[in-house]
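Asks: First the structure, which I've put down as structure tokens, then a few questions once you've had a look.
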Amino acid sequence: MTYRVVYLDHVARLSGGEIALARILSALNDQVDAHVIVGEDGPLVERLRDANISVEVLPMAAVVRDIRKESVRPGGLKGRALAGSANYVWRLRRRLRELAPDVVHTNSLKAALYGGAAGRLAGIPVVWHIRDRIAPDYLPTAAVWAVRASAQILPSAVIANSRSTLKTIPRLHKGVTVVDPVIYDRVGKLPPASEAGRPYRIGVVGRLAPWKGQAHFIDAFARAFPNGDCEAWIIGSAMFGEDNYAASLREKVRRSGLTERIEFRGFRDDIWDELAQIDTLVHCSLTPEPFGQVVVEGMVAGIPVIASDAGGPAEIITDGVDGILTSPGDAAALADAMRRLHNDPSLRHTLAARGRKTALRFSPEHAATQVIAVYEQVISHRR
Ligand code: UDP
């Protein structure tokens, strides 16, 4: 049976959740008749069209789309943003009634709220795909309570990207499934090791944001390799207005005298090509990462990974077995792990080989099967 599903996301930038959506839709391919509705035009639209996935832009007023999580507090939201949100829910409800899918699948936290409301009003079951931790270290308290309360009313089922994420939505009564939604597009090539005739290189991949820890990465790298020819690549760009942070990172590198050895690569479309040119991947978020697709991508590409011992990465990696975990924010420990791997090619090889096996758990087929099981559950419950 083919399910008709409408997927909702408020943005069309290529942040992790949107990349994951494009990947999961390719994997669901012939099992789902998919239609995506996004709140803005952007590179996700192009990526979906290239993959022959039906997509439309139902424009959302910028004042609604760009509501910052910090403004979700009593008295924080402007009247225009509230009116704009209500208006969008109403328009979306009408569009969903026209499309009459079997399920509405929301892909971002904002979409969970407006899409959950619109889906319910249209009488269509809603599946929440939660990729953010609903916790006070990530969201303002009022937003945490609003999302947790809505979770009791709006979705018929919740998919979370890790157990750690799921735990942040307590007391769910409805059908709940955890999916490992990381899907690699294709198995990356094994990277050329340092024999490639270039300096040893350590990479950090992810959008530039304070909690993603790029400043911490620079500190640890400077501590681990004050001299020598070891290089670092910082891969990714600011996506949600963190331009000041991006500028501060460049300034930090300049002040540390490391401009010759630390390169800012910007956002790269072909992540596999980047991964093929680095010898160790670091993922050092300061607050727990909900999942951390980058970690699995590094493992799949056959690169040893050092990650923060919290959230999703701590579920993926077993320390010392298929990667290395260090305490979030501990620059000395991170520097030490960087040096250990640099000095021990055989350890790098062992961790990378085992990491590759671990990463195979996160296959497209596995994720697709679990998502379909959720749709079946939700639809049969309705009959
Ligand atoms: N990414 C990319 N190009 C870049 C930087 C990041 O394609 O220059 C991708 C990365 O490969 C991963 C995603 O962005 O697939 C980030 O997802 P993750 O779950 O790690 O973090 P999120 O952005 O969801 O917080």
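Asks: Which of rounded, prolate, oblate describes the chain, given a ≥ b ≥ c as roots of the alpha-carbon gyration tensor eigenvalues and a/c under 1.5 marking rounded, otherwise prolate only if a/b is larger than b/c? Working shown, then result.
Replies: Values: a/c = 2.01, a/b = 1.63, b/c = 1.23.
The shape class here is prolate.
Asks: Leaving out ligands, DNA and RNA, what percent of the accessible area of the stretch 236-383 is carbon and sulfur, probe 1.4 Å?
Replies: Working: 3030 of 6350 Å².
Heavy-atom surface of the stretch 236-383 belonging to carbon and sulfur, 1.4 Å probe: 48 percent.
Asks: Residue by residue through the stretch 108-114, what is 3J(HN,Hα) from phi via Karplus (6.51 cos²θ - 1.76 cosθ + 1.60, θ = phi - 60°)? Round to whole Hz and write x for glycine and proline.
Replies: Listing the rounded values in order: 10, 5, 5, 5, 4, 7, 6 Hz.
Asks: To continue, here is another question. Relative to the present Cα-Cα distance, how much length would full extension add between Thr2 and Asn343 at 0.36 nm per residue of separation? It would help to have the intermediate numbers written out before the result.
Replies: On the way: separation 341, 0.36 × 341 = 122.76 nm, distance 5.25 nm.
In short, 117.5 nm is gained.
Asks: Turning to a different aspect of this structure: Solvent-accessible area per residue for the chain at a 1.4 Å probe radius, Å²?
Replies: Value for the chain: 42 Å² per residue.
Asks: Is the stretch 205-286 best put as rounded, prolate or oblate by its Cα gyration tensor, with a ≥ b ≥ c the root eigenvalues, rounded for a/c under 1.5, and otherwise prolate when a/b is larger than b/c, oblate when not? Please list the in-between numbers first.
Replies: Numbers: a/c = 1.63, a/b = 1.11, b/c = 1.47.
Cα axes put the stretch 205-286 in the oblate bin.
Asks: Grab the chain and count how many Lys pairs have their alpha-carbon atoms under 17 Å apart, sequence gap of 8 or more, or different chains. Can you show the working numbers first?
Replies: Values: Lys69/Lys78; Lys69/Lys110; Lys69/Lys212; Lys78/Lys110; Lys189/Lys357; Lys212/Lys252.
The number of close lysine pairs in the chain is 6.
Asks: Let me ask you something else. Work out from phi, with θ = phi - 60° and the Karplus expression 6.51 cos²θ - 1.76 cosθ + 1.60, the ³J(HN,Hα) of each residue of the stretch 319-332, listed in order in whole Hz, and give x for Gly and Pro.
Replies: 4, x, 9, 10, x, 10, 10, 10, 4, x, x, 8, 5, 5
Asks: On to the next question. For a quick check, take a GNM of the chain with Cα springs below 10 Å and name the residue from Val55, Val282, Val158 with the largest mean-square fluctuation.
Replies: Val55
Asks: Please report the antiparallel percentage of DSSP beta bridges with both residues in the chain, rounded to the nearest 5. Present the calculation step by step, with values, prior to reporting the outcome.
Replies: Working: 0 of 45 bridges.
In the chain, approximately 0 percent of DSSP beta bridges are antiparallel ones.
The values are calculated or read from the model by the stated rules, or taken from the named source; none is laboratory data. For clarity, every value in this text was computed on a predicted model and none was experimentally measured. With ligands, DNA and RNA removed, areas are computed over all heavy atoms of the protein, side chains included. Shrake-Rupley method; radii C 1.70, N 1.55, O 1.52, S 1.80 Å.
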